[in-house]
1. Restricting the search to the stretch 37-58, which residues are surrounded by fewer than 16 Cβ atoms within 10 Å (Cβ to Cβ) and of a type in the set (S, T, N, Q)?
2. Can you give me the number of residues within the stretch 67-80 that are open to solvent by 60 Å² or more (accessible area, probe 1.4 Å) and either small (Gly, Ala, Ser) or on the phi > 0 side of the Ramachandran plot (or both)?
3. Is the stretch 59-66 home to any residue that is buried (at least 16 other Cβ atoms within 10 Å of the Cβ), of a type outside the set (Lys, Arg), in contact (Cβ under 8 Å) with a residue 40 or more places away in the chain and more than 14 Å from MET34 (Cβ to Cβ)?
4. Which ranges mark the strands (runs of 3 or more DSSP E) fully within the stretch 2-121 that have 3 or more residues being at pLDDT below 95?
5. State the number of residues belonging to the stretch 86-102 that are open to solvent by 50 Å² or more (accessible area, probe 1.4 Å) and acidic (Asp, Glu).
6. Quick one: which residue in MET34, MET83 is touching a Phe, Trp or Tyr at 6+ places or on another chain (Cβ under 7 Å), of a type in the set (A, V, I, L, M) and open to solvent by less than 60 Å² (accessible area, probe 1.4 Å)?
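The values are calculated or read from the model by the stated rules, or taken from the named source; none is laboratory data. None of these values were measured; they are calculated from a predicted model. Every residue, glycine as well, gets a Cβ built from its backbone with ideal geometry; the counts of neighbours run over all protein chains shown. Heads up: the accessible areas ignore ligands, DNA and RNA and are worked out on the full protein's heavy atoms, side chains in. Shrake-Rupley method; radii C 1.70, N 1.55, O 1.52, S 1.80 Å.
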Amino acid sequence: QVQLVESGGGLVQAGGSLRLSCAANGNIFRINVMGWYRQAPGMQRELVASVMTNGGRTNYADSVKGRFTISKDNAKNTVYLQMNSLKAEDTAVYYCNADILTTTLSRLTYWGRGTQVTVSS
C-alpha cells in the first residue's frame with residue numbers, strides 16, 4: 001500500500017507564489033518518477049512538471065516554464081512544486097503522481113487526492 005499526501009494549495013492573488021508538497025509513504029522499494037498534474041474545470045488533466053528521482057531530470061509544460069520549479073528530496077520521498085508569478089489560468093486542482101516500484105516488485109502509478117490552487121485576478 002502506497003499513499004501520496006499533498007499539501008500547500010490555497011488562494012493567492014495573481015503574481016503571487018505557492019509551494020506544493022507531496023510525500024510518498026508505504027511499501028516503497030524505489031520511486032522512479034514523481035510529478036504534478038493539474039485539472040481545471042471542464043478540462044483534461046495535464047502534466048505540469050515531473051522529475052526523475054535518479055539523476056534529477058525534469059520536464060515542464062510550456063505554460064509553466066520559467067515560473068514553476070519542481071524539486072525532490074529523495075531521503076523523504078517528497079516532491080515539491082514552487083509556483084511563482086501565478087496567473088488566473090493556473091487555477092486548477094493539482095494532483096501529485098508517482099511511478100513506484102513497491103516492495104513486492106510491482107511497478108505502479110499512484111495519484112494523490114488533489115489540492116486546490118486558486119489564483120484571483
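1. Answer for the stretch 37-58, where residues must be surrounded by fewer than 16 Cβ atoms within 10 Å (Cβ to Cβ) and of a type in the set (S, T, N, Q): GLN39, GLN44, ASN54, THR58.
2. Within the stretch 67-80, the subset open to solvent by 60 Å² or more (accessible area, probe 1.4 Å) is 69, 72, 74-76.
Checking which are either small (Gly, Ala, Ser) or on the phi > 0 side of the Ramachandran plot (or both) leaves us with 75.
Selection size over the stretch 67-80: 1.
3. Initial filter on the stretch 59-66 (buried (at least 16 other Cβ atoms within 10 Å of the Cβ)): 60, 64.
Narrowing the set further to residues that are of a type outside the set (Lys, Arg) leaves 60, 64.
Adding the requirement that they be in contact (Cβ under 8 Å) with a residue 40 or more places away in the chain leaves none.
No; the residues of the stretch 59-66 include none that is buried (at least 16 other Cβ atoms within 10 Å of the Cβ), of a type outside the set (Lys, Arg), in contact (Cβ under 8 Å) with a residue 40 or more places away in the chain and more than 14 Å from MET34 (Cβ to Cβ).
4. Working: elements: 2-7, 10-13, 18-26, 28-39, 46-52, 58-60, 68-73, 78-83, 92-102, 107-111, 115-120.
It comes to none.
5. Residues of the stretch 86-102 that are open to solvent by 50 Å² or more (accessible area, probe 1.4 Å), as a first pass: 87, 89.
Going one step further and asking which of them are acidic (Asp, Glu), we end up with 89.
Within the stretch 86-102, residues that are open to solvent by 50 Å² or more (accessible area, probe 1.4 Å) and acidic (Asp, Glu) number 1.
6. Values: MET34 fails: touching a Phe, Trp or Tyr at 6+ places or on another chain (Cβ under 7 Å).
That would be MET83, the only listed residue that is touching a Phe, Trp or Tyr at 6+ places or on another chain (Cβ under 7 Å), of a type in the set (A, V, I, L, M) and open to solvent by less than 60 Å² (accessible area, probe 1.4 Å).
So that you can scan it fast, the table gives a plain yes or no per residue for (1) of a type in the set (Gly, Ala, Ser); (2) over 21 Å from ALA23 (Cβ atoms):
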site	(1), (2)
ALA40	yes, yes
ASN54	no, no
ILE70	no, no
MET83	no, no
TYR95	no, no
THR102	no, no
SER106	yes, no
